[in-house]
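Input: a single structure, listed below in structure tokens.
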Amino acid sequence: MLNNHDQLWNRCLSVIKDNISEASYNTWFAPIVALKYENSIFVLQVPSQFFVEYIEEKYIDLLRMTLYREVGVGTRLEYRVLIDKSSGRGTQIPSAAEQTKQKSTGSNSSYVNPYHKPQLPEIDPQLNPAYNFNNLIEGNSNKLARTAGISIGNEPGKNIFNPLFVYGQSGVGKTHLANAIGVMTKQLHPEKRVLYVSANTFQIQYTDAVRSNTVNDFLNFYQTIDVLIVDDIQEFAGKTGTQNTFFHIFNHLHQTGKQLVLTSDRSPIVMVGLEQRLLTRFKWGLSAEIEKPDFELRRSILQSKIYRDGLEISDEVVDFIAEHVVDNVRDLEGVLVSLLAHSTLANMPIDVALAEKVISRIVNITRKVNTVEKIRDVVCEYFSLSIDAISTKSRKREVVQARQIAMYLSKQLTKSSLSSIGNTIGQRDHATVLHACKIVNDLMDSDKNFRSSVREIEEKLKQ
């Protein structure tokens, strides 16, 4: 027999189901469990903090209206977030609207116990809850950084990744990862003082502190942070006063076992305009690069977002987007938003034709036909070799390597047979081509400079 709260929740679900798509209902409301209804408070158990954030952003008005209609006006909503499924351990939090209401109607009276150790006031961590590990899809390009980030979220300051220095090109997910670390930390350790700040904001705050003669207050505040996340730290370049102040903050936090997470668009090794003592400290922990997402990761990111948003897009369209939008994650998300807008406003199906139309406004999708000959010529040009040189039996290292890369890329980017590739590149047989592909694969896994050279040649072939 159903409890009273189960019956009430089932009535609510019937209303909600009539107002949203089936895919959205199955994703966001079917997993919710009604726990209890007491004293006008309705408690819902959700699988993760991300559920709370998404529902509060997308469906809170519908949910609140439905609760008022089916349960009663004035019903307050609270969530219980599962932290450990095996033990059933969780944390209970009120809806954001309830927190605001409680703050505005709260009592102003306060009694200070002289024997009670004063606690630091709560701070806004400045995190974006939409950036979390639930929607940070793992791939070869971000596996190391993501794994380290999860380790930090579980035990901030008590791991070998301190500081965690994450670097990579714009749009590859550095800010997402930095926020995800903070969100996870606050979820598992709500008592921790977590702060996400951009380097630009830090610089402005420091400048204001100098002007108002409050630098000591500025330092004291930052030295109370348990997990400090600084985004785009390369912007400290040339700012001597800011660097000096951050140096002291870094030292204090690191020495007291607090966690630092830093992001940059370049590795500490190639950063210019920063003091050497800072660069040395940046390399104390783990430096992890996030590279451009490969095809499989781009496809997984698209599928995840499509599922979360309750969209219906065919695999053919997903593959088309993943194949042509290659630079960063932001462009992938932008394409999905544009596709949905075009489809809704123009009443058009989301197919490859519409995807091509939308993508052509973001990237050049003129189809390039690669041939073995073209690949051979581009490789020779890159290594400043003549076509005759690559076709000889020369065993010089640079010639052999260029020949192997040409064979590898020809196998990857054309439909030519191994025999045809070998015949075009130096009159070799198919076994030589297979061996070359294995050598190149191994070197790309172990030699970062070699991998970078192959990627540069691939980019040239797209031009």
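The values are calculated or read from the model by the stated rules, or taken from the named source; none is laboratory data. For clarity, every value in this text was computed on a predicted model and none was experimentally measured. With ideal geometry, Cβ positions are generated from the backbone for all residues, glycine too; neighbour counts draw on all protein chains shown. Side chains are part of the model used for accessible areas, which takes the heavy atoms of the whole protein and leaves out ligands, DNA and RNA. Shrake-Rupley method; radii C 1.70, N 1.55, O 1.52, S 1.80 Å.
R0 = 41 Å: FRET efficiency of Lys36 with Ile150, Cβ-based, nearest 0.05?
0.80
Report the semi-axes of the equivalent ellipsoid for the stretch 372-462 in whole Å, largest first, where each axis is √(5λ) for an eigenvalue λ of the Cα gyration tensor.
17, 14, 14
Run the paramagnetic zone check for Tyr68: 7 angstrom along Cα to Cβ, then residues of the stretch 10-29 with backbone nitrogen under 14 Å.
none
Accessible area per residue of the stretch 372-462 at 1.4 Å probe, in Å²?
The answer is 55 Å² per residue.
Based on the Cβ-Cβ distance of Asp294 and Val337, what FRET efficiency does E = 1/(1 + (r/R0)^6) give at R0 = 22 Å, to the nearest 0.05?
Plugging the Cβ-Cβ distance into 1/(1 + (r/R0)^6) gives 0.45.
Under 13 Å Cα-Cα from Lys239, which aspartates and glutamates qualify once same-chain neighbours fewer than 8 residues away are excluded?
Output for Lys239: Glu275.
Rounded to the nearest 5, what % of DSSP beta bridges with both residues in the chain are antiparallel?
Within the chain, antiparallel bridges account for around 30 percent of the total.
With r as the distance between the Cβ atoms of Arg266 and Glu356 and R0 = 41 Å, compute the FRET efficiency 1/(1 + (r/R0)^6) and round to 0.05.
0.75
Ignoring ligands, DNA and RNA, what accessible area per residue does the stretch 142-289 give at 1.4 Å, in Å²?
Per-residue accessible area for the stretch 142-289 comes out at 41 Å².
Put a dot 7 Å past each Cα toward the Cβ at Thr224 and Ser14; how far apart are the dots in nm?
5.2
I need the phi-derived Karplus couplings for the stretch 243-250: 6.51 cos²θ - 1.76 cosθ + 1.60, θ = phi - 60°, integer Hz, Gly and Pro marked x.
My calculation for the stretch 243-250 gives 4, 5, 5, 5, 4, 5, 5, 4 Hz in order.
Starting from the Cα of Gln7, step 7 Å along the direction of its Cβ; do the same at Asn449; then give the gap between the two resulting points in nm.
7.6
Just grab the label-to-label distance for Ser314 and Gln126, each label 7 Å out from Cα along the Cβ direction, in nm (one decimal).
With each label point 7 Å from Cα toward Cβ, the separation is 4.7 nm.
Counting only protein heavy atoms and using a 1.4 Å probe, what share of the accessible area of the stretch 4-81 belongs to carbon plus sulfur, as a whole percent?
C and S atoms contribute 44 percent here.
Across the stretch 157-316, how large is the tail of the calculated P(r) beyond 26 Å, expressed as a percent of all Cα pairs?
Across the stretch 157-316, Cα pairs with separations above 26 Å total 33 percent.
If you roll a 1.4 angstrom probe over the protein chains with everything in place, what fraction of the accessible area of the stretch 295-365 belongs to carbon and sulfur, to the nearest %?
Carbon and sulfur together cover 50 percent of it.
What does DSSP give for the stretch 4-81 in terms of the percent of beta bridges that are antiparallel, rounded to the nearest 5?
Around 45 percent of the beta bridges assigned by DSSP in the stretch 4-81 are antiparallel ones.
Once you charge only the Cβ atoms, +1 for Lys and Arg and -1 for Asp and Glu, what is the size of the charge dipole of the stretch 295-365 about its Cα centre, to the nearest 20 debye?
My answer is approximately 260 debye.
Roughly how many debye, to the nearest 20, is the charge dipole of the chain about its Cα centre, given +1 on each Lys and Arg Cβ, -1 on each Asp and Glu Cβ, and no other charges?
Dipole about the Cα centre, nearest 20: 940 debye.
Using the Cα atoms of the stretch 1-73, I'd like the radius of gyration and the largest Cα-Cα distance, Dmax, both in angstrom.
Rg then Dmax for the stretch 1-73, in Å: 11.7, 34.
Viscosity 0.692 mPa s, temperature 37 °C: what is the translational diffusion coefficient of the chain from Stokes-Einstein with a Kirkwood Rh over Cα pairs, rounded to a whole number of µm²/s?
Translational diffusion coefficient: 125 µm²/s.
Using alpha-carbon positions, what is the distance between the centroids of the stretch 164-194 and the stretch 1-28, in Å?
Between the Cα centres of the stretch 164-194 and the stretch 1-28 lies a distance of 34 Å.
Please go through the residue pairs Lys36/Lys174; Lys174/Lys460; Lys192/Lys292; Lys393/Lys415; Lys283/Lys374 and name each one whose alpha carbons sit more than 31 Å apart in this structure.
Lys36/Lys174; Lys192/Lys292; Lys283/Lys374
Using a Cα-Cα cut-off of under 20 Å, which aspartates and glutamates could be cross-linked to Lys357, ignoring same-chain neighbours fewer than 8 residues away?
Partners within reach: Glu312, Asp315, Glu316, Asp319, Glu323, Asp327, Asp331, Glu333.
Going toward the positive end of the dipole of the stretch 4-81, with +1 on Lys and Arg Cβ and -1 on Asp and Glu Cβ, which of Ile55, Tyr25, Ser14 do you reach last?
It is Ser14, whose Cα lies furthest towards the positive end.
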